[in-house]
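Data first, discussion second: the structure below is written as structure tokens.
None of the figures in this text is laboratory data; all of them are computed from the coordinates on show. Note that the structure is a prediction, hence the values are computed from the model and not measured. Every residue, glycine among them, receives a Cβ derived from its backbone with ideal geometry; neighbour counts consider all protein chains shown.
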């Protein structure tokens with residue numbers, strides 16, 4: 001999202017410079033501490049110090065993380081901004097900041113509170129996510145800025161769904177336990193008890209070869225070898241083909257904040273069945289753009305998908321609604337518009353008055 005933020009900022013006429021903060025090279029490294037990552041931290045601090053010394057920015061938008069090791073690095077980088085009296089707005093893409101108020105985090109909670117509390121404001125991905133940080137940043141200084149994604153060419157989205165068989169239900173995400181691939185398989189097994197012509201695609205990059213073997217074993221033990229496809233990770237044209245041939249998108253995630261893949265499904269005019277997690281219920285309106293279902297309730301998940309399987313009008317209607325919502329709220333045009341409003345708000349003189357992060 002950093003590149004899209006920069007593009008939208010430039011599009012809106014803001015002179016923008018980015019300081020890279022990438023410590024992980026592979027998906028498996030994300031969230032893990034290693035010596036190679038620690039060795040990169042001083043260089044990051046130097047880049048931050050050099051950037052603010054050379055350009056003296058009017059405002060810094062800081063993409064802050066939520067995992068404790070990287071969050072403490074962020075707090076130290078923010079201290080550089082405070083010492084140089086650079087106003088900053090925190091851009092929150094994760095959830096879990098409030099947990100650092102618990103007693104077991106007492107040694108670091110003050111550091112985190114200082115970093116968050118001295119911000120001029122914060123950008124959150126959904127209205128429901130304000131509560132996670134409003135103990136440090138008041139609601140009047142929090143602005144909802146949903147993510148946006150680029151659209152696909154219109155000719156690729158030609159109407160291809162009708163009363164055809166089989167109906168194709170798809171899942172696309174990293175194949176990790178929290179995303180719900182096992183739940184998807186259990187749902188498929190339930191649906192196939194009554195809807196034998198439905199086919200399922202479980203696409204994504206496995207977390208590990210061991211977990212992938214567990215998925216394969218579950219499919220085989222459920223007798224679904226010929227009903228559930230495992231194409232692996234899909235990108236570019238292969239991913240577009242998957243969405244183009246699909247009828248229903250299901251993401252029974254148990255731990256997410258703002259999964260972009262739901263937006264991808266919506267831009268392809270697919271009804272989305274997903275979870276009441278993070279900002280998902282704000283993205284997918286239950287009963288309008290799809291259904292919101294507790295991923296632990298496999299029976300209800302299966303019933304909702306069966307409703308869509310049996311009712312082509314409902315499928316098309318929800319898919320059309322999802323596409324319209326994507327265009328209005330989650331396209332790059334919408335993102336640039338929302339970013340302009342947020343930046344105008346935070347760049348007003350009174351917005352930073354009293355919060356320019358004095359020294360300390």
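Quick one: order 93, 135 by neighbouring beta-carbon count within 10 Å, fewest to most.
135, 93
Nearest 10 degrees, 0 to 90: what angle lies between the long axis of helix 2-11 and the longest principal axis of the chain (Cα atoms)?
70
Between 91, 330, 105, find the one with the highest GNM mean-square fluctuation for the chain; connect C-alpha pairs within less than 10 Å.
Maximum among the listed residues: 105.
Report the FRET efficiency, 1/(1 + (r/R0)^6), for residue 109 and residue 210, where r is their Cβ-Cβ distance and R0 is 35 Å, rounded to 0.05.
Between residue 109 and residue 210 the formula returns 0.45.
With a 10 Å cut-off between alpha carbons and a GNM built on the chain, which of 226, 147, 338 moves the most?
Of the options given, 226 has the highest mean-square fluctuation.
Treat the count of other C-beta atoms within 10 Å as a stand-in for reagent exposure and order 7, 289 from fewest to most.
7, 289
Using label points projected 7 Å from each Cα along Cα→Cβ, tell me how many nm separate residue 153 and residue 300, to one decimal.
4.2
Using a simple spin-label model with points 7 Å from Cα along the Cα→Cβ vector, what separation in nm is obtained for residue 255 and residue 282?
About 2.2 nm, to one decimal.
Could you give the angle, 0 to 90 degrees to the nearest 10, between helix 236-245's Cα long axis and the longest principal axis of the Cα atoms of the chain?
The angle comes out at about 50 degrees.
Consider just the alpha-carbon atoms of the chain and return their Rg together with their Dmax, both in angstrom.
Gyration radius and largest Cα-Cα distance of the chain: 22.2, 66 Å.
How much mean residue ellipticity at 222 nm does the chain get from its helices, if each DSSP H run of length 4 or more adds -39500 (n - 2.57) and you divide by all residues, to the nearest 500 deg cm²/dmol?
When only DSSP H runs of four or more count, the value is -13000 deg cm²/dmol.
Quick one: plug the Kirkwood hydrodynamic radius of segment 154-330 (C-alpha pairs) into Stokes-Einstein at 10 °C, 1.306 mPa s, and report D in µm²/s.
D, rounded to a whole number, is 100 µm²/s.
Among 303, 337, 213, determine the one that fluctuates most according to a GNM of the chain built with springs between C-alpha atoms less than 10 Å apart.
For the chain, modelled as a Gaussian network with Cα springs under 10 Å, the answer is 213.
Taking the Cα atoms only, what angle lies between the long axis of helix 209-221 and the longest principal axis of the chain, rounded to 10 degrees?
30
Taking the highest mean first, how do the peptides 254-266, 59-71 order by number of other beta carbon atoms within 10 angstrom per residue?
Ranked from most to least packed, the peptides come out as 254-266, 59-71.
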